Amino acid sequence: MKKKIIFRADGNTTTGLGHLYRLFALVEVFKDSYDYMYITQSSSNTEVIPEDFPLTIIGQEIKLSEEPNWLANNFDPEKHVIIADGYHFTSLYQKKIKELGFSLVYIDDLAREHMYADIVINHSSSYKISDFNHEKHTKFALGTEYALLRPLFLKIAKEKRSITSINEVFICFGGADKFNFSLKATKALLDVSQIEKIHIVLGAAYDDGQINRLEQKFPTRIQIHRNLSEKDLLETMKLCDLAIAPTSTILYELTCVKMVIISGYFVYNQKSVYKWFNERGCFYGIDDFCDFDFNNLKDIIVKFTDVSLLKSYTDNQAKCIDGNQKQRFLQLINDLMSKVN
């Protein structure tokens with residue numbers, strides 16, 4: 001009996017879209033090998049989910065405590081493996097899913113819950129197995145060897161790239177950018193004469209019109225991008241020498257492309273990723289974006305006239321992600337499937 005995969009995540013303007021996007025990457029890894037279904041709540045921003053994904057919506061009348069039974073009533077536990085990404089999939093949720101007979105893979109960031117899942121994936125290398133409370137059967141896939149990345153980024157991770165000057169800049173702060181860091185960074189960069197072009201990637205949940213007016217005022221220097229495909233996002237990154245972005249999934253993608261990165265964090269789950277990549281010299285770290293004065297960007301960029309510094313960033317990035325993540329994920333799931341079939 002060939003098992004199918006259920007990808008389970010939610011995302012909207014309140015919670016952000018990161019959990020949805022991370023599972024998009026795993027869909028691309030597994031879709032040629034396994035049949036699958038993507039499942040999300042009705043409160044999610046479903047317009048960001050690719051149209052070719054088989055999609056099931058959980059109605060708002062189904063409470064999270066009722067969801068495991070709803071899943072079991074609609075999808076045979078003996079025929080489905082669930083891959084879940086979200087902080088609300090707590091120990092109680094995982095335990096119930098396992099009791100109902102599903103195989104479970106859980107995407108974790110925080111190492112807080114007791115893990116009942118068969119496999120726990122946490123792509124922050126700051127965590128060790130000893131940091132987790134877990135069942136005896138639980139296996140772990142930790143660190144950048146299991147970075148949640150889409151195929152084109154895994155491919156380019158194997159390529160070399162050198163940066164010798166800073167002319168075009170990439171800015172991205174996620175689906176909602178509730179602190180409007182994109183606008184703050186753009187305003188500061190307009191005062192840096194050497195910056196010829198600013199590429200701003202905005203998510204579906206971003207709704208501040210000020211940045212659109214800036215683009216109209218400086219059409220040759222600012223270009224706003226929305227709803228980019230994987231290919232278009234990659235091509236936009238390749239145009240740029242410098243990126244300003246948080247230590248979320250976007251950092252892993254930028255690390256694959258290789259460029260100078262100014263990075264920090266603004267939510268708790270980004271801190272461990274920040275610490276690990278910063279210790280390895282992968283970016284210029286500014287700690288908490290909420291405390292950062294974006295007017296300092298000009299002084300920081302002056303430091304990037306040192307070509308040896310630029311080379312150290314890209315060399316260190318190349319050591320962190322090798323591009324072989326797809327094979328590792330396939331081995332994980334194949335091994336799980338062989339045990340339960």
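The values are calculated or read from the model by the stated rules, or taken from the named source; none is laboratory data. Please read all numbers here as calculations on a predicted model, not as lab measurements. Cβ atoms come from the backbone with ideal geometry, glycine included; neighbour counts cover every protein chain shown.
Scanning the stretch 54-102 for residues being assigned to a strand (DSSP E or B) and closer than 15 Å to Tyr116 by Cβ gives a total of 4.
Residues checked against (1) at pLDDT 95 or above; (2) part of a helix (DSSP H, G or I); (3) over 22 Å from the mean Cα position of the chain (by Cα):
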{"position": "Ser162", "(1), (2), (3)": "no, no, yes"}
{"position": "Ile166", "(1), (2), (3)": "yes, no, yes"}
{"position": "Gly174", "(1), (2), (3)": "no, no, no"}
{"position": "Phe179", "(1), (2), (3)": "no, no, no"}
{"position": "Leu183", "(1), (2), (3)": "yes, yes, no"}
{"position": "Thr186", "(1), (2), (3)": "yes, yes, yes"}
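Just for the stretch 145-160: of the residues that are among the charged types (D, E, K, R) and part of a loop (DSSP other than H, G, I, E, B), which one is surrounded by the most Cβ atoms within 10 Å (Cβ to Cβ)? Restricting to residues being among the charged types (D, E, K, R) and part of a loop (DSSP other than H, G, I, E, B), the top hit is Arg150. The residues of the stretch 1-38 that are out of contact with any helix residue (DSSP H, G or I) (no Cβ under 9 Å at 6 or more places or on another chain) and within 14 Å of Pro151 (Cα to Cα), listed by number, are Leu23, Val27, Lys31, Asp32. Out of the residues in the stretch 222-272 that are assigned to a helix (DSSP H, G or I), among the hydroxyl-bearing types (Ser, Thr, Tyr) and out of contact with any strand residue (DSSP E or B) (no Cβ under 7 Å at 6 or more places or on another chain), which is farthest from Leu152 (Cα to Cα)? Only one residue tops the list, namely Tyr268. Specify the residue that is modelled with the lowest pLDDT; the eligible residues are those in the stretch 204-220 that are closer than 25 Å to Ile301 by Cβ and crowded, with 17+ Cβ neighbours inside 10 Å. Taking the candidates together, the pick is Tyr206.
Do you know which residues across the stretch 273-298 are of a type in the set (D, E, K, R) and part of a helix (DSSP H, G or I)?
Lys275, Glu279, Asp291, Lys298
In the set (1) touching a residue at least 24 places away in the same chain (Cβ under 8 Å); (2) surrounded by fewer than 20 Cβ atoms within 10 Å (Cβ to Cβ), the condition left unmet by Leu26 is number (2). Filtered by the rule that a residue be assigned to a helix (DSSP H, G or I), among the charged types (D, E, K, R) and more than 19 Å from Thr247 (Cα to Cα), the stretch 299-330 gives Asp299, Lys303, Lys311, Lys326, Arg328. Of all the residues in the stretch 258-295, those that are surrounded by fewer than 14 Cβ atoms within 10 Å (Cβ to Cβ), within 19 Å of Val169 (Cβ to Cβ) and in contact (Cβ under 8 Å) with a residue 12 or more places away in the chain number 1. For Leu104, the criteria (1) in contact (Cβ under 8 Å) with a residue 24 or more places away in the chain; (2) under 20 Å from Ile333 (Cα atoms) hold in every case but one, which is (1).
Of all the residues in the stretch 9-66, those that are among the small types (Gly, Ala, Ser) and touching a strand residue (DSSP E or B) at 6+ places or on another chain (Cβ under 6 Å) number 4. Scanning the stretch 101-114 for residues that are buried (at least 21 other Cβ atoms within 10 Å of the Cβ) and among the aliphatic types (A, V, I, L, M), we see that the one that is nearest to Leu149 (Cα to Cα) is Ile107. I need a count of the residues in the stretch 264-312 that are β-branched (Val, Ile, Thr) and either under 24 Å from the mean Cα position of the chain (by Cα) or modelled with pLDDT of 95 or more (or both). Total satisfying the criteria: 5. As a summary of the residue check, Leu142 satisfies the conditions (1) under 30 Å from Val307 (Cβ atoms); (2) surrounded by 20 or more Cβ atoms within 10 Å (Cβ to Cβ) except for the one numbered (1).
Kindly provide the set of residues from the stretch 86-120 that are under 14 Å from Ala141 (Cα atoms) and among the acidic types (Asp, Glu), ordered by number. Correct list: Asp108, Asp109, Asp118.
Note on the stretch 65-87: among residues that are at pLDDT below 95 and within 24 Å of Tyr268 (Cα to Cα), the one that is surrounded by the fewest Cβ atoms within 10 Å (Cβ to Cβ) is Tyr87.
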